[in-house]
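A.B. asks: Can you keep this structure in mind? I'll have questions shortly.
The values are calculated or read from the model by the stated rules, or taken from the named source; none is laboratory data. None of these values were measured; they are calculated from a predicted model. Using ideal geometry, Cβ is built from the backbone for each residue, glycine included, and neighbour counts are taken over all protein chains shown.
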């Protein structure tokens, strides 16, 4: 099941981000952070997100590496064979034209 929300074409009000207002006259203003505070906040958020990351085990890495290497060899030979067949076909066509 998809998590994508589809908006109806006739209702554009859902697409606009609502403006949060303190009162009817002035919108809520977020405080401006200094350059150092923003950088510190960024690294803090990166650290939190990296804690949520799941890393593969050594055996998973080895098994996927083997799968990739086998696929590279297989497709290398496959493409070489297709190239060889096409080359022979064009050479035969060239001889037939002469």
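A.B. asks: Consider residue 91 against the criteria (1) assigned to a helix (DSSP H, G or I); (2) surrounded by 10 or more Cβ atoms within 10 Å (Cβ to Cβ); (3) under 34 Å from the mean Cα position of the chain (by Cα): it satisfies all of them except one. Which criterion is unmet?
C.D. replies: So residue 91 meets the others, but not (3).
A.B. asks: Scan region 45-65 for residues that are part of a helix (DSSP H, G or I) and surrounded by 10 or more Cβ atoms within 10 Å (Cβ to Cβ) and jot them down.
C.D. replies: First, pick out the residues of region 45-65 that are part of a helix (DSSP H, G or I): 45-52, 58-65.
Selection gives 45, 46, 60, 61, 62, 63, 64, 65.
A.B. asks: Here is a follow-up. Quick one: is residue 69 modelled with pLDDT of 85 or more, in a helix (DSSP H, G or I) and surrounded by 10 or more Cβ atoms within 10 Å (Cβ to Cβ)? Spell out the reasoning first.
C.D. replies: Details: modelled with pLDDT of 85 or more: yes; in a helix (DSSP H, G or I): yes; surrounded by 10 or more Cβ atoms within 10 Å (Cβ to Cβ): yes.
In short, yes.
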